[in-house]
Structure formats: structure tokens, C-alpha cells
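A quick write-up on the structure given underneath.
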Amino acid sequence: MRLKDKVAIVTGGASGFGAAIVRHFVEEGAKVVILDLNGEGAARVAGNSGQAIAVGGDVTKRADIDKAVGTAVENFGRLDIVVNNAGWSFRNKPILEVTEDEFDRVYAINVKSIFHMTNATVPLMRKQGGGCIINIGSTGGIRPRPGLTWYNGSKGAVNLLSSAMAAELAPDKIRVNCIAPVIGETALLETFMGVPDTPENRAKFIATIPLGRMSQPDDIAKACVYLASDDASFVTGVVLPVDGGRTV
């Protein structure tokens, strides 16, 4: 098992990419704290194995981040891995129709949450002698689509700050990498498309992906397992597109 005896926090782990990441981490031997606004959903994903614990909380609030970190340390004794997966987007629409509240929320959830998590966990990782941070960015931050401009900007920030964090934290043996998924079959699918989820509309989006399908939660989870494992012990500062060739 590639993550045996590792302890992780996964944000947004109640559904979608996050739930798959939790499942694969547990299968690979990790202990996981799931931080999600949907506490009931997080509890369902955690199950009763004792390998995962759900914490209901808001990633934009430092107190809730601290609660998740405290839960990891109190129950499992340490913290080795953080996956900043929680994300949000407004519905695909023209740039001037995005409200200030939507702009603020997309940056708070997608970017500021990483600021809070970094401040909460890096001191602990330094004391332990190292750690691993994985941020979930997006192909929207590499090859953006119209209609999601401010979302694309937030994910471009995630992509770039991951590399900057890697450079700064490398002396502390803290690896930081980023995964950039292409549009995936999750609850946010219609939000990203901006149109109803019909076979015809899906086909238009799939036509832009060379491998001929959208991303699946397992695709992202397997990439996270690799980057969190000792197999990637010399990998840091990477923005890894998991995109079926979309950004080629």
C-alpha cells in the first residue's frame, strides 16, 4: 500500500473528485480527515472503518481549517498530506454578468482556502520534517474557456501559487504539486457547461478533448495517490494536467 501509515486531510471530500480521493487514499492505507461544508455527506464517505473521520466545516474560515488539523493530530498523531480539493464556480455566463458576491466567493473557496490551510499546516509539517501538499487547479487556468473568466483566474492562481509554494517550501522537505483536471462528470458539470447536461451538449465539450471523454473522479484520485506517495518523492512544483490531452 503506497500510503501506509500516512495521515491526510482532503477538503471537499463529500462528493465528486474529493470523495474518490478519500476512497483511494484509504485503499492505499492512509488515515484521512474529510473537511466539507456537507458534514453529513462527508460522514457517509468516511464510513465506519476508523480510517476516515468527517469534519463539517467551511474552508474559507480559518477556525474550521484549524479544527480539521486538530482532528488529524488528535486522532492519528500527525499530518503528512493535504489535498486542497474544495472548489466552486459560478454558472458559465458572460463576464459582465458575474456578481461581486460570486467573484468574492470563487476566490475565497478556490484560493483563500489554500492560504488558510498553508498557514495552519506548514508549521506542523516543518516540525515533522516534511510533508506533501496537493492543490487541485484546473485546465481553465492553462487554456481558459469564455464564460468562466473569474473562475479561470482563480484556478490560474492555484496553478501558479503551487509552483511558488514548492520553491519556497522545498528546504523544509515539503513537496507541493498541483493537478489540473479537465471538465469532469461531477455535480458542477452543468455549472461549467452553462447549458443543460444533454448528450448533444456533452458531445460538444468532449470534442475538445483528444482522448474523447471527460475526466472521472478516479482519474484525479489516482494522480493524487501518485503525487502523495513516495514514488513521487523527487517531484515538486509540477502542475499536472489530467485532461485527456485538452491542453496539448
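General observations
- Cβ separations smaller than 8 Å between residues 6+ apart or across chains give the following pairs from region 58-71 residues that are farther than 16 Å from A8 by Cα to residues that are among the β-branched types (V, I, T) and assigned to a helix (DSSP H, G or I): T60/I109.
- Any hit, region 154-174, residues being closer than 23 Å to V7 by Cβ, part of a strand (DSSP E or B), at pLDDT 95 or above and out of contact with any Cys (no Cβ under 9 Å at 6 or more places or on another chain): no
- Test: residue in region 214-222 that is under 23 Å from E28 (Cα atoms) and assigned to a loop (DSSP other than H, G, I, E, B): yes
- Check on V111, surrounded by fewer than 21 Cβ atoms within 10 Å (Cβ to Cβ), assigned to a helix (DSSP H, G or I) and either of a type in the set (F, W, Y) or without any contact (Cβ under 8 Å) to a residue 60 or more places away in the chain (or both): yes
- Considering A20, A72, A86, the condition of being under 30 Å from G147 (Cβ atoms), in a helix (DSSP H, G or I) and aliphatic (A, V, I, L, M) is satisfied by A20 alone.
- Within region 70-91, the set of residues being crowded, with 20+ Cβ neighbours inside 10 Å, more than 21 Å from K222 (Cα to Cα) and touching a Ser or Thr at 6+ places or on another chain (Cβ under 6 Å) comprises S89 only.
- Condition check for V45: over 22 Å from L188 (Cα atoms), modelled with pLDDT of 95 or more and either buried (at least 24 other Cβ atoms within 10 Å of the Cβ) or among the β-branched types (V, I, T) (or both): no
- Residue list for region 133-189, restricted to those being aliphatic (A, V, I, L, M) and touching an Asp or Glu at 6+ places or on another chain (Cβ under 6 Å): V182, L189
- For region 1-24, the set of residues classified as surrounded by fewer than 23 Cβ atoms within 10 Å (Cβ to Cβ) and among the polar types (S, T, N, Q) consists of S15 only.
The values are calculated or read from the model by the stated rules, or taken from the named source; none is laboratory data. Computed from a prediction, not measured in an experiment: that's the story for all the values here. Neighbour counts are summed over all protein chains in view; Cβ atoms, including those assigned to glycine, are modelled from backbone coordinates with ideal geometry.
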